[in-house]
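Chemist: Following this message is one structure expressed as structure tokens.
The numbers here are math on the coordinates, done by the rules we state, and not lab data. Source: prediction; values computed, not measured. So basically every Cβ, Gly included, is an ideal-geometry build from the backbone, and we count neighbours across all protein chains shown.
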Amino acid sequence: MSNYPSYKKQFDLLNATEKETLGKMPHLEKIDGWLLLIEAVKLFDLSKQITSPSPIICEIGTWKGKSAYIFASAIKGGKGVLYCVDPFNGDGDNASKDTYLKEIKKLHITPIQNFKMTMNKYALGQYIKILPMLSGKARKKFNESRIDLLFIDGNHEYESVKNDYELWAPLIPSGGVIVLHDVGAIHVDGPKRVFEEYILNNPMWKNTSIVGEMAIATKI
């Protein structure tokens, strides 16, 4: 798992506009997770940039809800919905599974109960639909015709990331955005390989960029 700089060091690197955006997520640091502040700001901004009056955001991999908090905060008060796909059982790639299982043992409730409690605590539960299962099964139960913003941050093994991309990316319409987290991770190279092999030089995608450890692209 990534070892991130301190909150203060990250905060000091933000410009005034980014700090203002961060201020719209006042409880972010109360939620455990692996996400840089600059990544949080970018995810919030990407959510706000969705032009549909009823934004549909989907994240593959939720854990304790750090990224879900960002997305839900961005669509709060509107007609948008966030789909959270996660089995909530500590399942993950070989490099992270032990970490997840250790964290689960510290909880006095189940991971999904912890997630729901956190989202409801910050009045965000009403904007979230949970698919508590692995990505492949969740895709079969997903009834929306599109995904405006897709965040892939589940199992980071190559085949799993590739599977998530192939299953979910076709639902992104023209102008929609895909984000792969941990493309800079040293413990596993799945996100990086999928980005380089399927997105970076693919004419179907444009405006590719890297923010922190996130790879971002817009569908043509």
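Chemist: Helix-only mean residue ellipticity at 222 nm, the chain, DSSP H runs n ≥ 4 weighted -39,500 (n - 2.57), per residue, nearest 500. What is it? List each step's numbers first, then the result.
Modeler: Numbers: 9 runs with 80 residues, N = 220.
Computed ellipticity for the chain at 222 nm equals -10000 deg cm²/dmol.
Chemist: To continue, here is another question. Quick one: net charge of LYS48's neighbours, Cβ under 12 Å, K/R +1, D/E -1?
Modeler: Residues close to LYS48 contribute a combined charge of +1.
Chemist: What is the sum of charges around THR21, taking Lys and Arg as +1, Asp and Glu as -1, for the other residues whose C-beta is under 11 Å from the C-beta of THR21? Walk me through the numbers on the way to the answer.
Modeler: On the way: positive: LYS19, LYS24, LYS42, LYS48; negative: GLU18, GLU20, ASP45.
That works out to +1.
Chemist: If you don't mind, there's one more thing I want to ask. Picking from ALA40, ALA123, ALA16, which is most flexible by a Gaussian network model of the chain using Cα springs under 10 Å?
Modeler: Among ALA40, ALA123, ALA16, the largest GNM mean-square fluctuation belongs to ALA16.
Chemist: Determine the sum of side-chain charges near ARG139: Lys and Arg each +1, Asp and Glu each -1, restricted to other residues whose C-beta is under 15 angstrom from that of ARG139.
Modeler: Working: positive: LYS129, LYS137, LYS140, LYS141, ARG146, LYS162; negative: GLU59, ASP86, GLU144, ASP164, GLU166.
Overall, the nearby charge balance is +1.
Chemist: Here are some pairs, LYS9/LYS48; LYS24/LYS206; LYS79/LYS206; LYS76/LYS102; LYS19/LYS48; which of them have Cα atoms lying more than 22 Å apart in this structure? Don't jump to the answer; show the numbers that get you there.
Modeler: Values: LYS9/LYS48 26 Å; LYS24/LYS206 29 Å; LYS79/LYS206 27 Å; LYS76/LYS102 32 Å; LYS19/LYS48 16 Å.
Beyond 22 Å: LYS9/LYS48; LYS24/LYS206; LYS79/LYS206; LYS76/LYS102.
Chemist: Using alpha-carbon positions, what is the distance between the centroids of the stretch 1-62 and the stretch 151-201, in Å?
Modeler: 19
Chemist: Is the shape of the stretch 39-189 best called rounded, prolate or oblate, per the rule: a/c under 1.5 gives rounded, else a/b larger than b/c gives prolate, else oblate, with a ≥ b ≥ c the square roots of the Cα gyration tensor eigenvalues? Display every interim value, and only then the final one.
Modeler: Numbers: a/c = 1.63, a/b = 1.19, b/c = 1.37.
It comes out oblate by the Cα gyration axes.
Chemist: Same structure again: Any idea how far apart ASN89 and SER6 come out in nm if each label point goes 7 Å out from Cα toward Cβ?
Modeler: Label-label distance for ASN89 and SER6, simple model: 4.1 nm.
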